[in-house]
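Participant: Please see the structure below; I have some questions.
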Protein chains: 2
Amino acid sequence: MEIKVLKDILSTNDEMAERNRALLDSKKITAFNIMSSPGSGKTSLILETIRALKKQARIGVIEGDIASTIDAQKVSREGVPVVQINTGGECHLEAGQIGRALESLPLDEIDLLLIENVGNLVCPGEFRLGEHKKVLILSVPEGEDKVHKYPLLFSVADAIVINKMDLLPYARFDVPAFLKAARGLNRKARIFQVSCATGEGIREWTRWVRSAMSRSK
Amino acid sequence: MEIKVLKDILSTNDEMAERNRALLDSKKITAFNIMSSPGSGKTSLILETIRALKKQARIGVIEGDIASTIDAQKVSREGVPVVQINTGGECHLEAGQIGRALESLPLDEIDLLLIENVGNLVCPGEFRLGEHKKVLILSVPEGEDKVHKYPLLFSVADAIVINKMDLLPYARFDVPAFLKAARGLNRKARIFQVSCATGEGIREWTRWVRSAMSRSK
């Protein structure tokens, strides 16, 4: 039987996350760790945020995916610096990967760093990256009961974004039940109702992004 | 620094999976391991399968969730035996959990066992449970590019179910591009286009379930 000896992964990750955070603070960069299931709209929200704020802030992006550079290509077309992390098979980003990605970004020319985590509503919640804010996206077609089934990420988020509100007429999603359940787990998170397809709610979201940027300075 | 010594988790899991498989075979039970992101429709597909097949097969269900018994309650209302596994924080089911769940099910009264994995498009792909067939669900609102970003599960699936086809008019999902990409990773998987909301495609799906049952006897 093969015996694997591992260091305490989470405490090592925390040390690296603190190093990332110190570097970001020294460069006056506010970083968001954006998490959700696959297909909830992380890339779409990043693209909408870039379009809304690129005249007011210098934005950089780190794209996390198990494989492919599809998302980094989409972001790159917006004219902002982007680094793609391919995790191989890993289901979440870790702080060490972010540390290496930061070495490839022009940190003196960035105010706002948007980190797109791997699509996964579970594991990313356990790994701090050095971010200032954790953002969780849930999309309408996923159903409001996901709060009960995946409580960790809902309880640690600074902002919860309900995306694909344009699909509300076609999908079963009980907004009041969701809000009640989310508030039960997390009293402090800001909750936004948006549609990246129609632009609904994007203004409220970007206003919060800007206030988070000024508070972290 | 704390040092954790772990056994080779995957090979231990494989041994337990083989034990589960031998038990299932001895009881003439065909088992399906149903995997997807949160909210793609695992529970809905299980409910539709029960409704379509419960006169022709004796069905049992194992529900895997990090927390809650919401899904087990829904299945229980259909009048079939069900066991809920709560993984605590774990993002996938493991064979040992299935082994314990099998002890709680009336195996002599079951022909078809539907196992709903934790909602996660990544980690469940690495853990065999002892199943005869792996079923992967992707729902239309998640987008067809998920094949490129989460290739493992697409490559190992015996059946790929595109769910929420009723949302096709309202969401961007390129069916031909999806089929081409999925075929590139996996030539043998059967691919179904269904809607658990309207019943579209459920007949083709359940026909395949029945043929898989007769082949595994």
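The numbers here are math on the coordinates, done by the rules we state, and not lab data. Not measured: the values here are computed from a predicted model. Note: ideal-geometry Cβ built from the backbone for every residue, glycine included; neighbour counts use all protein chains shown.
Participant: Any chance you could get the radius of gyration and Dmax over the Cα atoms of the stretch B:11-125, in Å?
Facilitator: Cα only, the stretch B:11-125: 13.2, 38 Å (Rg, Dmax).
Participant: Continuing with the same structure: B:ALA22 to A:GLU103: FRET efficiency via 1/(1 + (r/R0)^6), r the Cβ-Cβ distance, R0 45 Å, to the nearest 0.05?
Facilitator: Working from the Cβ atoms, E equals 0.30.
Participant: Using helices alone, what [θ] at 222 nm do you get for chain A, with -39,500 (n - 2.57) per DSSP H run of 4 or more residues, divided over all residues and rounded to the nearest 500?
Facilitator: Theoretical 222 nm ellipticity from helices: -11000 deg cm²/dmol.
Participant: Right, here's the next one. How high is the relative contact order of chain B, given as a whole-number percent (alpha carbon pairs under 8 Å, six or more residues apart)?
Facilitator: 25 percent
Participant: With label points built 7 Å along Cα→Cβ from the Cα atoms of B:SER155 and B:THR69, find their separation and express it in nm.
Facilitator: Output for this residue pair reads 4.0 nm.
Participant: Related question: Select from A:THR30, A:THR43, A:THR69 the residue whose mean-square fluctuation is largest in a Gaussian network model of chain A (Cα-Cα springs shorter than 10 Å).
Facilitator: Ranking A:THR30, A:THR43, A:THR69 by mean-square fluctuation puts A:THR69 first.
Participant: With +1 on each Lys and Arg Cβ and -1 on each Asp and Glu Cβ, how big is the dipole of the protein assembly as shown about its Cα centre, in debye rounded to the nearest 20?
Facilitator: Charge dipole of the protein assembly as shown: 900 debye, to the nearest 20.
Participant: By how many nm would the segment from A:THR198 to A:ARG215 grow when fully extended, if each residue of separation counts as 0.36 nm and the alpha-carbon distance is taken off?
Facilitator: That pair, A:THR198 and A:ARG215, stretches by 3.2 nm at full extension.
Participant: Under 12 Å from the Cα of A:LYS164, which aspartates and glutamates turn up, not counting those fewer than eight places away in the same chain?
Facilitator: Leaving aside aspartates and glutamates fewer than 8 places away in the same chain, those within reach of A:LYS164 are A:GLU142, A:GLU200, B:GLU142.
Participant: Which of the aspartates and glutamates could a cross-linker bridge to B:LYS149, judged by Cα under 14 Å and excluding same-chain residues fewer than eight apart?
Facilitator: List returned: A:GLU63, A:ASP65, A:ASP71, A:GLU90, A:GLU116.
Participant: Determine the equivalent ellipsoid of chain A by diagonalising the alpha-carbon gyration tensor, then write out the semi-axes as square roots of 5 times the eigenvalues, largest first, rounded to whole Å.
Facilitator: That gives 26, 22, 17 Å for the three semi-axes.
Participant: Now, a different point. Just list whichever of B:LYS42/B:LYS188; A:LYS54/A:LYS146; A:LYS74/A:LYS188 have alpha carbons separated by over 30 Å in the model shown.
Facilitator: Going by Cα-Cα distance, A:LYS54/A:LYS146; A:LYS74/A:LYS188 fall outside the 30 Å limit.
Participant: Here's a follow-up. What span do the alpha-carbon atoms of the protein assembly as shown cover on each of the three principal axes, reported in whole Å from largest to smallest?
Facilitator: If we take the Cα atoms of the protein assembly as shown, the spans are 66, 52, 43 Å.
Participant: Return the average number of partner chain Cβ atoms within 10 angstrom of each residue Cβ along peptide B:142-154.
Facilitator: Mean partner-chain Cβ count within 10 Å for B:142-154: 5.
Participant: Also: Let me know the mean shielding of B:38-51 by other chains, meaning the per-residue number of their Cβ atoms within 10 Å of its Cβ.
Facilitator: For peptide B:38-51, the averaged partner shielding equals 3.
Participant: Next up: Quick one: label points 7 angstrom along Cα→Cβ at A:ASP14, distances to the other copies in nm, smallest first?
Facilitator: Label-point distances to the other copies, shortest first: 3.5 nm.
Participant: In nanometres, what is the gap between the two model label sites at B:ARG183 and B:LEU10, each 7 Å from Cα along Cα-to-Cβ?
Facilitator: In this crude spin-label approximation the distance works out to 3.0 nm.
Participant: I need the peptides B:104-110, A:84-90 ranked by packing, meaning the mean over residues of other C-beta atoms within 10 angstrom, with the highest value on top.
Facilitator: Most protected by this proxy first, the peptides run A:84-90, B:104-110.
Participant: Also: Report, in whole Å, the centroid distance computed from the Cα atoms of the stretch A:22-67 and the stretch B:99-177.
Facilitator: Cα centroid of the stretch A:22-67 versus Cα centroid of the stretch B:99-177: 29 Å apart.
Participant: Given axes a ≥ b ≥ c from the Cα gyration tensor, I'd like to know whether the stretch B:64-118 is rounded (a/c under 1.5), prolate (a/b larger than b/c) or oblate.
Facilitator: Taking the square roots of the gyration eigenvalues as a ≥ b ≥ c, the stretch B:64-118 is oblate.
Participant: Could you work out the pair-distance distribution P(r) of the stretch A:138-178 from its alpha-carbon pairs, with 5 angstrom bin width and percents rounded to whole numbers?
Facilitator: With a bin width of 5 Å, the distribution comes to 5, 24, 33, 24, 11, 3.
Participant: Okay, moving on. Kindly point out which whole DSSP H helices in chain A project their C-alpha atoms 15 angstrom or further along the helix axis while averaging a Kyte-Doolittle hydropathy of 0.0 or above.
Facilitator: A:42-53, A:175-185
Participant: Which value in Å is the Kirkwood Rh of the stretch B:111-217 over different Cα pairs?
Facilitator: Computed over the stretch B:111-217, the radius equals 14.5 Å.
Participant: Would you mind checking which residues have amide H under 5 Å from B:ARG58's amide H? H placed 1.01 Å from N; only 5 or more apart, or other chain.
Facilitator: B:ASP111, B:LEU112
Participant: Using label points projected 7 Å from each Cα along Cα→Cβ, tell me how many nm separate A:VAL175 and A:ARG207, to one decimal.
Facilitator: According to this spin-label approximation, the distance is 1.6 nm.
Participant: Something else: Over the protein assembly as shown, what is the percentage of antiparallel beta bridges among all DSSP beta bridges, to the nearest 5?
Facilitator: Here the share of antiparallel DSSP bridges comes out near 10 percent.
Participant: Can you tell me the Rg and Dmax of the stretch B:63-172, counting just the alpha carbons, in angstroms?
Facilitator: Taking only Cα atoms of the stretch B:63-172, I get Rg and Dmax of 15.2, 45 Å.
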